[in-house]
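J.: Below is one structure. I have some questions about it.
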Amino acid sequence: MKTKVNRTQLLNSLELASPGLSPREIIEQSSCFVFDGTTVKTYNDEVSCSVDCNFPVSGAIQATSMMDILRKLNEDEIGVEDKGAEVVVYGKSRRLGLRKEQEILLPVASVDSPGEWSELPTKFVDAVRLVLSCVSKDESQFALTCVHLHPKWLEACDNFQLTRYKMPMPGLGEPTLVRGTSIKAVADMAFTRMSLSDNWIHFTTDDTGVVLSCRRYVEVYPPLEGILKCSGSALTLPKGLGEAAEKAGVFAGDAIEGSQVRVQLEANQVRIRGQGATGWYEERKQVTYRGPEMAFLIGPEVLAEIVKNHSECIVDTESNRMAITGSKFRFVTCLGKVG
């Protein structure tokens, strides 16, 4: 039986479920959307998504081709018919078939169900965005590839820089780790509530019908208190440094090591440079600084956000560290001597 479906609403549901997809099928059907008639689900072992979806189909469909063809159609309303081994989609003077696996093999049922939901702090998503820039890519140090969610703060450290954002998390109960690559999806959506289960931490919103679940770990996170302590000379960063960081970030984004810009402190000036495979950008700003020449790497978006609201920092030349303290967070980075 043919059923009418709003194409835009369907696409929105699929995009909300996309964080749980795997570009490589590490688990059978992990590159698929799995439908049960009322919801669409995805799962890649680290992230699982469940989204309310008006798509009267049961089975697994390859995600990439489905999204691509739906984006290319221009009908507001499409017809959908489940024919077992395939789903036929009808438009105006056109139709197409999507191959479908009728047996659902994706282990979405292995994801613990959310329990009681608690309200997330207002700035939670902002805090996640800020600490994500300090997550390590070194898989040999598993804990540092994660964001540390503590009942009193969020933090991340890659052995060169760290950010701790003070934020009471009454619904958390105990410290937990979530892979940075997993919780990144949280930073892209305005989640409002959280629930903790044995192996997963779940996030939802009030109006989209989406539940995003990230696998959580209970490994011990390295203590950062000693690194957070920093004393030395005060330095005021120029407001225009944020705009310069955004410009430098255009080229830094295609660098192999990830999007980072180099900030160099010199006599009475700070120089920022972004460099990648397609080019580079450099800009100088005047500051009051008379210490030795020092440099550090930082994500351009983070630097822009920090400078926008918190321009005062401490340069500790003895420990070669620089700290920026805001009302809720503290960012510390290692300084490398120049020359």
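The values are calculated or read from the model by the stated rules, or taken from the named source; none is laboratory data. Just so it is clear, the model here is predicted, and its values are computed rather than measured. Methodologically, a virtual Cβ is constructed for each residue, glycine included, from the backbone with ideal geometry; neighbour enumeration extends over all protein chains shown. Ligands, DNA and RNA are excluded from the accessible area calculation, which covers all protein heavy atoms including side chains. Shrake-Rupley method; radii C 1.70, N 1.55, O 1.52, S 1.80 Å.
J.: Which of (1) open to solvent by 70 Å² or more (accessible area, probe 1.4 Å); (2) at pLDDT 95 or above; (3) out of contact with any Leu (no Cβ under 9 Å at 6 or more places or on another chain) does G97 not meet, given it meets every other one?
T.: It is condition (1) that G97 fails.
J.: Please go through region 148-196 and give me each residue that is farther than 12 Å from F124 by Cβ and among the small types (G, A, S), ordered by number.
T.: A156, G173, G180, S182, A185, S195 - these are the residues of region 148-196 that are farther than 12 Å from F124 by Cβ and among the small types (G, A, S).
J.: How many residues, within region 102-115, are open to solvent by less than 80 Å² (accessible area, probe 1.4 Å) and of a type in the set (D, E, K, R)?
T.: Within region 102-115, the first condition is being open to solvent by less than 80 Å² (accessible area, probe 1.4 Å), and the residues that meet it are 104-108, 110-112, 114-115.
Narrowing the set further to residues that are of a type in the set (D, E, K, R) leaves 112.
Result for region 102-115: 1.
J.: Among L21, L105, L98, which is in contact with a helix residue (DSSP H, G or I) (Cβ under 7 Å, 6 or more places away or on another chain), more than 25 Å from R193 (Cβ to Cβ) and among the hydrophobic types (A, V, I, L, M, F, W, C)? Break it down stepwise before answering.
T.: On the way: L21 fails: more than 25 Å from R193 (Cβ to Cβ); L105 fails: in contact with a helix residue (DSSP H, G or I) (Cβ under 7 Å, 6 or more places away or on another chain).
One residue alone meets the criteria, L98.
J.: Let me ask something else. Quick check on this structure: which one of V135, V186, V147, V211 is modelled with pLDDT of 95 or more and closer than 20 Å to K328 by Cβ?
T.: Working: V135 fails: modelled with pLDDT of 95 or more; V186 fails: modelled with pLDDT of 95 or more; V211 fails: closer than 20 Å to K328 by Cβ.
None of the other options fit; the residue is V147.
J.: A further question on this structure: Answer with yes or no whether V220 is in contact with a helix residue (DSSP H, G or I) (Cβ under 9 Å, 6 or more places away or on another chain) and within 21 Å of T325 (Cα to Cα). I'd like the intermediate steps shown before the answer.
T.: Values: in contact with a helix residue (DSSP H, G or I) (Cβ under 9 Å, 6 or more places away or on another chain): yes; within 21 Å of T325 (Cα to Cα): no.
No, not satisfied.
J.: Within region 224-281, which residues are polar (S, T, N, Q), modelled with pLDDT of 85 or more, out of contact with any strand residue (DSSP E or B) (no Cβ under 8 Å at 6 or more places or on another chain) and open to solvent by less than 60 Å² (accessible area, probe 1.4 Å)? Before you say what the answer is, go through the steps one by one.
T.: Within region 224-281, the subset polar (S, T, N, Q) is 231, 233, 236, 259-260, 264, 268-269, 275, 278.
Keeping just the survivors that are modelled with pLDDT of 85 or more gives 264, 268-269, 275, 278.
Still in the running and out of contact with any strand residue (DSSP E or B) (no Cβ under 8 Å at 6 or more places or on another chain): 278.
Across region 224-281, there are no qualifying residues.
J.: Taking region 282-308, which residues are more than 13 Å from E246 (Cβ to Cβ) and open to solvent by 20 Å² or more (accessible area, probe 1.4 Å)?
T.: Across region 282-308, the qualifying residues are E282, R284, K285, Q286, T288, R290, G291, P292, E293, L297.
J.: Take region 125-153 and flag every residue that is farther than 18 Å from L303 by Cα and buried (at least 22 other Cβ atoms within 10 Å of the Cβ). Spell out how you get there, then give the answer.
T.: To start, the set of residues in region 125-153 that are farther than 18 Å from L303 by Cα comprises 137-153.
Selection gives L144, C146, V147, H148, L149.
J.: Quick one: which strands (runs of 3 or more DSSP E) lie wholly within region 191-305 and hold at least 1 residues that are in contact (Cβ under 8 Å) with a residue 60 or more places away in the chain and over 22 Å from L149 (Cβ atoms)?
T.: Hits in region 191-305: 233-236, 261-266, 294-298.
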